[in-house]
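Engineer: One structure is given below, represented as structure tokens, and several questions about it will come after.
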Amino acid sequence: MITRHPGGLRLLSVHAHPDDESSKGAATLAMYAAEGVDVLVATCTGGERGSVLNPAMDRPEVRADIARVRREEMAAAREILGVRQEFLGFVDSGMPGPGEPLPVGCFAAHPVELAAVPLVALIREFRPQVVVTYDETGGYPHPDHVMTHRVTVAAVEAAADRHRHPEAGEPWQVPKLYYHLALSRAWFRALHEAMTERGVPSGMGELLAGWPDTPPALATTTRVACAEQFAVRDAAMLAHATQVQPGVAFMAHPRDIECEVWPTEDYHLARSLVPGPGPGGIETDLFAGLRADAVAVAEVGGG
Ligand SMILES: [Zn+2]
């Protein structure tokens, strides 16, 4: 049961696995939470099929009880970020090899409409003005990430329709839906170039060399300045000890360089009921257009 503080600003961030909230948009969550926004992370799966990516944690007792370990890691990260978090109760789909079927009963094997129901109920209960999730590529080709996108879009639509899932609560229209643009090629390139210019060894060159040469699909509409929370983000990421090897390429850069060349987390405004930034314009706040009249929007949306 999610307690809702009426009249306040509420942000819902939907992720596939425990750890995704800490690697994509975590400083944004910490910043809004520190400001007094009610921030809720919904985690679709328990991450039960995740590999242990940190050799220091790759022990038989950890592997044998990975679901519990990941719940504990998630609880620690949630505390560090200062947010609330709910599991939606699906089972991790794992990363099937080419031609391999999805495991029976896993998250990505569900019909989207059915898998969206727990999130419809959560949206109707929490009534967020802003929902953030991945774009249609998942941002990363894991079946659970692509499914998280589909389920979130379906749930945002269904939550507003009183004829759909009437058992899942009173309708709620989400005013703004965003997609993450985190860990983009442009971000890696900017950090790699800044490190190289300063004579700092960069572990990002290899990653960039293997990056498919495709243009970014989605425009950046929103840049949230949240560098003050990068240390909180890093601590939350490291709380997922089974998933992060300290010093891994996407975390190995000097933070002063990151604060200088890329002090924001970036988003694409996918849907909005309030006027957006306009062509080429950039918002600096996920709640842009919603702050002065948050209560009025909530009343219209709930009607
Ligand atoms: Zn994930």
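Engineer: Looking at segment 202-258, which of the residues that are under 20 Å from I80 (Cα atoms) and of a type in the set (D, E) is modelled with the lowest pLDDT?
Structural biologist: Looking at residues that are under 20 Å from I80 (Cα atoms) and of a type in the set (D, E), I get D234.
Engineer: Could you say which residue among T220, T214 is outside any helix (DSSP H, G or I) and in contact (Cβ under 8 Å) with a residue 12 or more places away in the chain?
Structural biologist: T220
Engineer: If you don't mind, there's one more thing I want to ask. It is to be established whether one or more residues within segment 157-171 are small (G, A, S), farther than 15 Å from R271 by Cβ and within 16 Å of the ligand (Cβ to nearest atom).
Structural biologist: No, because not a single residue in segment 157-171 is small (G, A, S), farther than 15 Å from R271 by Cβ and within 16 Å of the ligand (Cβ to nearest atom).
Engineer: Let me ask something else about it. Tell me, yes or no, whether segment 101-113 has at least one residue that is surrounded by 13 or more Cβ atoms within 10 Å (Cβ to Cβ) and closer than 30 Å to A227 by Cβ.
Structural biologist: Within segment 101-113, none of the residues are surrounded by 13 or more Cβ atoms within 10 Å (Cβ to Cβ) and closer than 30 Å to A227 by Cβ.
Engineer: Taking P55, is it within 21 Å of E136 (Cβ to Cβ), away from the ligand (no atom under 13 Å from the Cβ) and modelled with pLDDT under 95?
Structural biologist: Judged against the criteria, P55 is not a match.
Engineer: Just to verify a result, which residue in segment 176-200, among those that are aromatic (F, W, Y) and out of contact with any strand residue (DSSP E or B) (no Cβ under 7 Å at 6 or more places or on another chain), is farthest from G25 (Cα to Cα)? Let's see the steps before the verdict.
Structural biologist: So the first thing to find is which residues in segment 176-200 are aromatic (F, W, Y), and the list is 178-179, 187-188.
Among the residues that remain, those that are also out of contact with any strand residue (DSSP E or B) (no Cβ under 7 Å at 6 or more places or on another chain) are: 187-188.
Numbers: W187: 13, F188: 15 Å.
Result: F188.
Engineer: Just to verify a result, which residue in segment 118-151, among those that are in a loop (DSSP other than H, G, I, E, B) and within 12 Å of the ligand (Cβ to nearest atom), is surrounded by the fewest Cβ atoms within 10 Å (Cβ to Cβ)?
Structural biologist: Applying the filter and picking the extreme gives P141.
Engineer: If you take the residues in segment 174-233 that are within 17 Å of the chain's Cα centre (by Cα), within 17 Å of C259 (Cα to Cα) and basic (K, R), which one is surrounded by the most Cβ atoms within 10 Å (Cβ to Cβ)?
Structural biologist: R233
Engineer: Looking at (1) crowded, with 22+ Cβ neighbours inside 10 Å; (2) more than 27 Å from P216 (Cβ to Cβ), which is the one condition that is false for A34?
Structural biologist: The one condition A34 does not meet is (1).
Engineer: Any idea which of (1) modelled with pLDDT of 95 or more; (2) closer than 24 Å to V156 by Cβ is the one A298 doesn't satisfy?
Structural biologist: (1)
The values are calculated or read from the model by the stated rules, or taken from the named source; none is laboratory data. None of the values given here were measured: they were computed from a predicted structure. Neighbour counts are summed over all protein chains in view; Cβ atoms, including those assigned to glycine, are modelled from backbone coordinates with ideal geometry.
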